[in-house]
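Below: one structure, written as structure tokens.
The values are calculated or read from the model by the stated rules, or taken from the named source; none is laboratory data. What you see is a predicted model, and the numbers here were worked out from it, not measured in a lab. Every residue, glycine as well, gets a Cβ built from its backbone with ideal geometry; the counts of neighbours run over all protein chains shown. Protein only, heavy atoms only, side chains kept; ligands, DNA and RNA dropped before computing areas. Shrake-Rupley method; radii C 1.70, N 1.55, O 1.52, S 1.80 Å.
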Amino acid sequence: MADTGEGKKEEADYKRLHSFPLIRHTDMPEEMRVEAMELCVTACEKYATNNESAAKMIKEMMDKKFGSSWHVVIGEGFGFEITHEVKNLLYMFFGGSLAVCVWKCS
Amino acid sequence: MAIAPYRATRLQAVRSLGDRLDRAKLDLQEERQYHQGLLKLYPKNGTLEVIDEDVSTEVGEGLDEWAAGKILVKPPDQLELTEAELKEEFTRILTANNPHAPQNIVRYSFKERTYKPISYVDQMAIHFSLNGNMILKDSDEGRRQNARLSIEAEKPPVEDSMIISEETEIKDEESTEDIQAAGEEEAEEAGTAEVAEAAEAEEPPPLRPRERKLANQFNFIERASKTLNNPLRDRACQSEPTPCKNFSATANQWEIYDAYVEELQKMEKSKEKEKPRAHIAKKEEKRRGRKSTSLESQSDDITKVSKAAKIMERMVNQNTFDDIAQDFKYFEDASDEYRDQQGTLLPLWKFQYDKTKRLAVTAISWNPKYKDLFAVGYGSYDFMKQSRGMLLLYTMKNPSFPEYIFSSESGIMCLDIHNAHPHLVAVGFYDGNVAIYNLKKPSSQPSYKSSAKSGKHTDPVWQVKWQKDDMDNNLNFFSVSSDGRIVSWTLVKNELVHTDVIKLSVEGTTMQGPEGLQLQTLGCGTSFDFHKKIDYLFLVGTEEGKIYKCSKCYSSQFLDVFEAHHMAVDAVSWNPYHMKVFISCSSDWTVKIWDHTIKTPMFIYDLNSAVGDVAWSPYSSTVFAAVTTDGKAHVFDLSVNKYEAICTQVVVAKKKNKITHVQFNPVYPVVIIGDDRGHVTCLKLSPNLRRMPKEKKGQEVKKGPEVEIAKLDKLLNLVREPAGQAGK
């Protein structure tokens, strides 16, 4: 019982601690990175249950802001190999369980 | 216009008929009358007249009007005719018969073997002929061609269409007939219009949207030319493709979890490190003696470079001032040997800084630990021109730029470096404040500073001196000011606590103020020095020229008073070896050497100018240096010459500059002098100025304080005894 209680506590702790956006890999310039990151966070929070909608929103907003042909992948588990334009890649984790990959390739 | 060629033909024909007619007239007339089929010619001179029955008078009148304005040019051989003659009418009727045609042509007939007259005479005379290549649209020929062309144009669609109607077949047959008929006609060359008329009746020439030129098929040339087409060229360019990169990763729950955990650990570590790291960095900076002013805003990256930059700077300076460094270390003035006793001062480095150009050097002091480092205080001695102050620390290793820079709002008047803590510099300001600068702290502000609340002086602070730590091991220093107080400052828990040690009340000057108030004038202290051995004993020089021998224990009484000078005492200093002897200098041009037990001076030297500073040498009890406001430095060695300086030398760049302070380096044979333009010069003492007793054979040269004391004592005895005897 104690174990499970502890486990729950740990989980809660984990969720609380791991809610921040963690940039895993990016080559964007500072300004763009911040904007893209904030956009990802907003989208993921808005569509917490629907990754597709979140991805769509991110993609559309990025297209609008930084020119077309952005691609977004959101999921809890996936592998990928992509070709992206230099300085246009953001690969980040969010909310402890989501991975978001945003890149541009036209 | 199918008419045009035809008309031209006719016109030509007419011209040939009457060459002499005015061409313009003809043109006009013809223009007007042609369509009516009329031709009327009015030769004014009346050689030829063509009259038609249907002459319209109107036209004739119009012509006259037209001709009225014109001057007729007559040929020179024209007959001059009278009006009557001109009016006379000659009527000629032109017939179709050729008058030149022979009427009686006979031809031999072989059949009948006789000449037979030929009835047929050709009356036609051809004046001009032109083959036109156009044909009239309305002519038979024209109609035929039109018809043919229309058929040809219709044919292809007929053939192409899948359904062939009977009508078209019939038409085809007819058209073929038509063509055949036309062909026959042309062959005959006779204008039989019957067939053509029939054709016309049968099928009127179809209306065409576009008029086509009808060409005479037998006399027709079509010419065409083609301009050269500009050659076409292909050109292409391709923009550089945007650079792309490949990236691959795998995202799954454990990877995400690991990344987060790692990040959290990193954050915790950095938090832990942040504080100590900052501390360590600061300490390191201080230890390495970085420039303190510029450090505050710099990031770690730059401070990392700064050490390298500092080494580089030193190297560059070493290169630049290589010859001076060599002089400093090795040069000994060889001419001293021939000069007997006189010596010289060799200028070495000059230290100056842009921001202290207009400030006077008010204090200089060697660092007791680092023998190449010295502190310079900047301010102004001019009462009217007080401004900011600066504290710079230079090293002889880098003459081009100060090691430390501190600036203050008020002028610095004095400074002292703590013996045990060489990073602490006590400073006295013109506004009466005292402060302690900590060289280890990167801030440009003093670490501790007195304020109006904490008992600052009310007049400029003329000298500060560090003391031994007190009973509680607190740092403390003394200051003297012209407000007459001597104050001890103790550093207790980061605060400067002040204690008045003594007030320089001048005896016999107590004044009776109004309402029975007793006012006491205070002596203005300008300098002081503490005895090396006797802890409580110290001397105070004043503006009035008196020197008080005081004790720290008595706050109201003096141990002794010396009527030393006539003007302000600029410096007093105990001899480093002999415990009884001290030296004083004053603006009254004199330097005096005293035994503190005797009220009269032992030696008096008049230097012919106000003496700014005097300093004992650290290596000999009998050597001291004095600087005067006329820019000269004087070095005395009493053991060599009791009466005159062994070196008097102008050591400033410009004559106007006044030397304010002098200090001997505790180790090297150099002095530094400061002038009132902010320059500090380092000078090397020539061998004569630091000569030690000569070695004698078999005798060991004694060294040490005892020797030095004995040396000075010996000298003093010479002076004392007669004085003592006189006293007795």
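Tell me which residues, restricted to segment A:84-95, are in contact (Cβ under 8 Å) with a residue 60 or more places away in the chain, within 7 Å of chain B (Cβ to nearest Cβ) and among the charged types (D, E, K, R). Talk me through it step by step, then tell me what you get.
Filtering segment A:84-95 for residues in contact (Cβ under 8 Å) with a residue 60 or more places away in the chain gives A:87-95.
Next, from what is left, pick out any that are within 7 Å of chain B (Cβ to nearest Cβ): A:89, A:91, A:93.
None - no residue of segment A:84-95 is in contact (Cβ under 8 Å) with a residue 60 or more places away in the chain, within 7 Å of chain B (Cβ to nearest Cβ) and among the charged types (D, E, K, R), so the list stays empty.
Which of the residues that make up segment B:307-345 are assigned to a loop (DSSP other than H, G, I, E, B) and either loosely packed, with under 11 Cβ neighbours inside 10 Å or not charged (D, E, K, R) (or both)? Let's see the steps before the verdict.
As a first pass, look at segment B:307-345 and keep what is assigned to a loop (DSSP other than H, G, I, E, B): B:321, B:331-333, B:340-344.
Passing the criteria: B:Phe321, B:Phe331, B:Asp340, B:Gln341, B:Gln342, B:Gly343, B:Thr344.
Which one of these does A:Ser19 not meet: (1) in a loop (DSSP other than H, G, I, E, B); (2) more than 11 Å from chain B (Cβ to nearest Cβ); (3) more than 26 Å from B:Cys244 (Cα to Cα)?
(2)
Just name the residue that is least open to solvent (accessible area, probe 1.4 Å) out of those in segment B:108-123 that are in a loop (DSSP other than H, G, I, E, B) and either over 28 Å from B:Thr95 (Cβ atoms) or touching a His at 6+ places or on another chain (Cβ under 9 Å) (or both). Spell out how you get there, then give the answer.
If we filter segment B:108-123 for residues that are in a loop (DSSP other than H, G, I, E, B), which is where we start, we get B:110-113, B:118-123.
When the remaining residues are screened for being either over 28 Å from B:Thr95 (Cβ atoms) or touching a His at 6+ places or on another chain (Cβ under 9 Å) (or both), the result is B:110-113.
Working: B:Phe110: 163, B:Lys111: 184, B:Glu112: 92, B:Arg113: 181 Å².
My answer is B:Glu112.
Only one of these conditions is not met by B:Leu232: (1) at pLDDT below 90; (2) over 30 Å from A:Tyr91 (Cα atoms); (3) not β-branched (Val, Ile, Thr). Which number is it?
In the conditions (1) at pLDDT below 90; (2) over 30 Å from A:Tyr91 (Cα atoms); (3) not β-branched (Val, Ile, Thr), B:Leu232 misses (1) alone.
Give just the number: which of (1) within 14 Å of chain B (Cβ to nearest Cβ); (2) touching a residue at least 40 places away in the same chain (Cβ under 8 Å) does A:Met62 not satisfy?
So A:Met62 meets the others, but not (1).
Does B:Ala236 qualify as being of a type in the set (A, V, I, L, M) and open to solvent by 90 Å² or more (accessible area, probe 1.4 Å)?
Answer is yes for this residue.
Considering only segment B:346-362, state which residues are open to solvent by less than 10 Å² (accessible area, probe 1.4 Å) and more than 38 Å from the chain's Cα centre (by Cα).
Within segment B:346-362, just B:Thr362 meets the criteria.
What is the one condition in (1) within 14 Å of chain B (Cβ to nearest Cβ); (2) under 15 Å from A:Cys105 (Cα atoms); (3) free of Cβ contacts under 8 Å to residues at least 60 places away in the same chain that A:Asp27 does not satisfy?
(3)
Out of segment A:6-30, which residues are at pLDDT 80 or above and either more than 17 Å from the chain's Cα centre (by Cα) or not acidic (Asp, Glu) (or both)? Talk me through it step by step, then tell me what you get.
Initial filter on segment A:6-30 (at pLDDT 80 or above): A:19-30.
Matches in segment A:6-30: A:Ser19, A:Phe20, A:Pro21, A:Leu22, A:Ile23, A:Arg24, A:His25, A:Thr26, A:Met28, A:Pro29.
Scanning segment B:239-257 for residues that are open to solvent by 90 Å² or more (accessible area, probe 1.4 Å) and charged (D, E, K, R), which turns out farthest from the other protein chains (Cβ to nearest Cβ)?
First pass over segment B:239-257, keeping only residues open to solvent by 90 Å² or more (accessible area, probe 1.4 Å): B:239-241, B:245-246, B:254, B:257.
Right, trim to charged (D, E, K, R) and you get B:240, B:245.
On the way: B:Glu240: 12, B:Lys245: 5 Å.
If we take residues in segment B:239-257 being open to solvent by 90 Å² or more (accessible area, probe 1.4 Å) and charged (D, E, K, R), then B:Glu240 is farthest from the other protein chains (Cβ to nearest Cβ).
Among the numbered criteria (1) in a loop (DSSP other than H, G, I, E, B); (2) open to solvent by 20 Å² or more (accessible area, probe 1.4 Å); (3) without any contact (Cβ under 8 Å) to a residue 24 or more places away in the chain; (4) under 29 Å from B:His679 (Cβ atoms), which one does B:Thr597 miss?
(4)
Going by what's in this entry, would B:Thr622 be described as free of Cβ contacts under 8 Å to residues at least 40 places away in the same chain and among the β-branched types (Val, Ile, Thr)? Even if it seems obvious, please write down each step before you answer.
Details: free of Cβ contacts under 8 Å to residues at least 40 places away in the same chain: no; among the β-branched types (Val, Ile, Thr): yes.
Taking the combined requirement at face value, the residue does not satisfy it.
So, in segment B:364-385, of the ones that are touching a Leu at 6+ places or on another chain (Cβ under 7 Å) and open to solvent by 10 Å² or more (accessible area, probe 1.4 Å), which residue ends up modelled with the lowest pLDDT?
Selected residue: B:Ser380.
Condition first: at the interface with chain B (Cβ under 10 Å from one of its Cβ atoms) and surrounded by fewer than 22 Cβ atoms within 10 Å (Cβ to Cβ). Now tell me which residues in segment A:65-83 satisfy that.
A:Val73, A:Gly75, A:Glu76, A:Gly77, A:Phe78, A:Gly79, A:Phe80, A:Glu81, A:Ile82, A:Thr83
Exactly one condition in (1) at pLDDT below 85; (2) assigned to a loop (DSSP other than H, G, I, E, B); (3) not hydroxyl-bearing (Ser, Thr, Tyr) is false for B:Leu689; which is it?
(2)
Pick from segment A:37-59 the residues that are out of contact with any helix residue (DSSP H, G or I) (no Cβ under 7 Å at 6 or more places or on another chain) and of a type in the set (Gly, Ala, Ser): which of them is nearest to the other protein chains (Cβ to nearest Cβ)?
A:Ala55
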